[in-house]
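Report on the following structure.
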Amino acid sequence: MANTYQTLYERSLSDPDGFWSEVADDVHWFKRWDKVLDDTNIPYYRWFTGGVTNSCYNALDLHVDRCRGEQAALIYDSPVTGTVKTFTYLELLDNVARFAGVLQANGVEKGDRVVIYMPMIPETVIAMLACARIGAVHSVVFGGFAARELATRIDDARPKLIVSASCGIEGKKVIPYKPLLDAAIEQATAKPDKTIVFQRPQVNAAMTAGRDLDWQALMKDAQPVPCTPLAATDPLYILYTSGTTGVPKGVVRDNGGHLVALKWSMKNIYGVNPGEVFWAASDVGWVVGHSYIIYAPLFMGCTTVLYEGKPVGTPDPGAFWRVISQHKVSVMFTAPTAFRAIKREDPNGEFIRKYDLQHFRTLFLAGERCDPNTLHWAREQLNVPVIDHWWQTETGWAIGANCAGLGLSEVKPGSCARPVPGYNVQVLDENNNELPAGQIGTIAIKLPLPPGCLPTLWQNDEGFRNSYLTEFPGYYNTSDAGFIDDDNYLWVMSRTDDIINVAGHRLSTGAMEEVLSAHPDVAECAVLGVADKLKGEIPLGTIVLKAGVERNDAEIIGELIQMVRNKIGPVASFKIATVVKRLPKTRSGKILRGTMKKIADGMDYKVPATIDDPVILEEITADFKQLGYPRQQS
Ligand code: COA
Ligand code: AMP
């Protein structure tokens, strides 16, 4: 079987047209494509130009037509509300077709954007698929972001309409969404014509007359509408992700390439067959939620699980095993941080043994590098293969993995295994030279990227080119650093930019610095991602106060923490900061964030030759020590 992988991998690079056209025959097209890989406008490659399809048709109608109508499409499992509700393919289709009718009746047309700011409830899935059905471009915003972040996304996407709900439920906390939505619309320049709000029983949102419409009332009289045929290259969605500044990047996903790649990945990477139950324990607001809670399992005719709960505390560290056992999950996907949370509360796996997990075959982890300890623990406790795989919002599906469906199973803890077919992964030095095995450099993907990856940024071709394609001509820069070993295994070790991964959530320290700098008492600051034994990394703020500020440090730090929470959101997990006298810099004035991070993490470091004043490093070491850094990480 490993040979199957090798043969397919080589063919995917040497004959991409042949490889992907065969794969594309597995999905439904209203009209076949004219060109598999369209390279007429390099570096803006497009896949399946001339092809006409519809992602919602492939996710729902096709399965109903092929006698899967009575099969469960979606299981909504919500320990926080005590609900388990199953939608068959027929029921999901009915809801989606009618909500698509609601959108159309409210003026949404093909190409219009619809922002979706919703929690983990079935209506979120229905809203997304309804957009896909009529060719509207959805842009889902994660619930843990604050109003300002939502406003930034509204201004970039300029939606005709916003769909929201009265609240989200985070463990034991009920979080009203509507006040955040109202504040975001107030702050945004691009006001939507209307909003549609799903009222949950826990909170009744106040509605603004003339703008806000009630989901339940609209659905009572809703008329179903058919799928709109769309060009393969038409956008399906925009998903904003952290960039190196406070302005998020609008990653665009097309219809055709995404459909083809994701369906292929279900069988070949995850080893899943139609009719099986697949569960991605993530949030629909992240790319994992888009790709593997919604689109890929439904393209494949699987049953997908939408879980509104946490790995621990809803009600205990057996929550995941209860879901796997109750719904007969075959393959699960989550982030290592979830396993660290479970391991912390149930180190001996006693909750695991309470449940019948005989259907469970494979565990996939992503979102951050899986530390070998967590991987070993999960493997020993669950007795199934545990596969760390690596990808990004931009790619939409895995770049490196052990392709379970192709028989790859040898795991090297700490590595995300081999490049997935379609991805020509190389490690480059700063002069664009491909490095030999074992040498660390920037990980890049030789163009063209395979189907499913971003063709561009929303209305920003230039930004796409500058962010990803310029530094290493001919390659896509992943902004991850690492190496490839002699067995062709990939080791993704760190980011090359200021992005950090907090509990599997991607955040920009640059964006946090922008918020902190706006405080009237702050002269300058640096935010570092420091190691954390639960969340992988957490942000640590170092603040220099303006001369003459005599207020209490703790008071200022409290205000800064609140500012990040209000401006970026609770998801930033910004809870630790310290006031320092000076920040270490190079002689040209660049803050030595990398060196400070090493000090906070207790790693060896070399005093940079270009440092302005080495004494500052000693001061910082003392400041961090007072804060309790470096911490014991085991
Ligand atoms: N809406 C509103 N607030 C949210 C939210 C949402 N959808 N998601 C998270 N938040 C809030 C949390 O309530 C928390 O707020 P607090 O500071 O008031 O406690 C804050 O954002 C930080 O959330 P998180 O980083 O998730 O920490 P946590 O302590 O609540 O939970 C884990 C820690 C490990 C249990 C949790 O992160 C988890 O389950 N991760 C699973 C991995 C995952 O989903 N990764 C996504 C990519 S695969
Ligand atoms: P996101 O766009 O939120 O999915 O975050 C993508 C980033 O998370 C990557 O660029 C990596 O830095 C990191 N990442 C995701 N999965 C892994 C993994 N398996 N190993 C190492 N890093 C990972």
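Using only the Cα atoms of the stretch 105-254, build the gyration tensor, take square roots of its eigenvalues as a ≥ b ≥ c, and label the shape rounded, prolate or oblate: rounded if a/c is under 1.5, else prolate if a/b is larger than b/c, else oblate. Because a/c hits 1.5 or more and a/b fails to exceed b/c, the stretch 105-254 counts as oblate. Across the stretch 457-463, coupling constants 3J(HN,Hα) worked out from phi with the 6.51/-1.76/1.60 Karplus curve, θ = phi - 60°, read 9, 4, 6, 8, 4, 5, x Hz, and Gly and Pro carry x. Using only side-chain charges placed at the Cβ, +1 for Lys and Arg and -1 for Asp and Glu, the dipole size of the chain relative to its Cα centre rounds to 1000 debye. The Cα atoms of the stretch 499-627 give a gyration tensor whose axes a ≥ b ≥ c have a/c of 1.5 or more with a/b no greater than b/c, which makes the shape oblate. Taking amide hydrogens as placed 1.01 Å from N in the peptide plane, the amide H of residue 198 sits under 5 Å from those of 164, 165, 166, 215, each at least 5 positions away in sequence or on another chain. Think of it as helices only: each DSSP H run of n ≥ 4 in the chain is worth -39500 (n - 2.57), and spread over all residues that comes to -8500 deg cm²/dmol at 222 nm.
For residue 462 and residue 488 in one chain, what is 0.36 nm times their gap in residues minus the Cα-Cα distance, to one decimal in nm?
Values: separation 26, 0.36 × 26 = 9.36 nm, distance 3.34 nm.
Roughly 6.0 nm would be gained on extension.
Computed from backbone phi, the HN-Hα couplings of the stretch 400-412 come to x, 6, 7, 6, 4, x, 9, x, 6, 9, 6, 9, 10 Hz, rounded to whole numbers (Karplus: 6.51 cos²θ - 1.76 cosθ + 1.60, θ = phi - 60°; Gly and Pro given as x).
The value of relative contact order for the chain, using C-alpha pairs under 8 Å at least six residues apart, is 12 percent. Simple rule: put +1 on each Lys or Arg Cβ and -1 on each Asp or Glu Cβ in the chain, find the dipole, and look at 298, 589, 420; the Cα lying farthest toward the positive end is 298. The amide H of residue 237, built 1.01 Å from its N in the peptide plane, has 253 as neighbours under 5 Å, considering only residues 5 or more places off or on other chains.
Amide H contacts of residue 113 (H built 1.01 Å from N, in plane; Pro and chain starts excluded): 137, 160 sit under 5 Å, all sequence-distant by 5 or more or on other chains.
Relative contact order, percent, of the stretch 499-627 when contacts are C-alpha pairs under 8 Å separated by at least 6 residues?
21
What FRET efficiency would be calculated for the residue pair residue 549, residue 603, taking the C-beta separation as r and a Förster radius of 30 Å, to the nearest 0.05? Efficiency for this residue pair is about 0.40.
If the segment from residue 213 to residue 172 were pulled out straight at 0.36 nm per residue, it would be longer than the present Cα-Cα gap by 12.0 nm. Positive end of the dipole of the chain, charges at C-beta (+1 Lys, Arg; -1 Asp, Glu), about the Cα centre: which of 632, 284, 168 has its Cα farthest in that direction? The listed residue farthest towards the positive side: 168. Could you give the nm distance between label points at residue 83 and residue 632, where each point is 7 Å from its Cα heading toward the beta carbon? Simple spin-label model gives 4.4 nm for this pair. In plain terms, the residue of 494, 12 with the fewest other Cβ atoms within 10 Å comes first and the most crowded comes last, giving 494, 12.
Grouping the Cα pair distances of the stretch 555-634 into 10 Å bins from zero gives a pair-distance distribution of 17, 40, 34, 10 percent in increasing distance order. Label-to-label distance, residue 410 versus residue 10, with points set 7 angstrom from Cα along the beta-carbon direction: 1.7 nm.
Candidate cross-link partners of residue 546 among the lysines, defined by an alpha-carbon separation under 20 Å and a same-chain spacing of 8 or more, comprise 581, 585, 590.
For residue 30 and residue 204, FRET efficiency with R0 = 41 Å and r from the beta-carbon atoms, rounded to 0.05?
Details: r = 43 Å, r/R0 = 1.04.
The value I calculate is 0.45.
Using 0.36 nm per residue of separation minus the Cα-Cα distance, give me the extension gain between residue 223 and residue 356 in nm, one decimal.
Working: separation 133, 0.36 × 133 = 47.88 nm, distance 4.29 nm.
Length difference between fully extended and current span is 43.6 nm.
In a reduced charge model with +1 at each Lys and Arg Cβ and -1 at each Asp and Glu Cβ, the stretch 499-627 shows a dipole moment near 380 debye about its Cα centre.
Based on the Kirkwood approach, the hydrodynamic radius assigned to the chain is 25.3 Å, with every pair of different Cα atoms included.
Quick one: putting +1 on the C-beta of Lys and Arg, -1 on the C-beta of Asp and Glu, what dipole do you get for the stretch 302-382 around its Cα centre, in Debye to the nearest 20? It would help to have the intermediate numbers written out before the result.
Details: 11 positive and 9 negative charges, 27 e Å.
The calculated dipole for the stretch 302-382 is roughly 140 debye.
Computed from label points 7 Å out along Cα-Cβ, the spacing between residue 379 and residue 432 is 4.0 nm.
A short reminder: the numbers here are calculations on the coordinates, not readings from a lab. Not measured: the values here are computed from a predicted model. All Cβ positions, glycine included, derive from the backbone under ideal geometry; neighbour counts span all protein chains shown.
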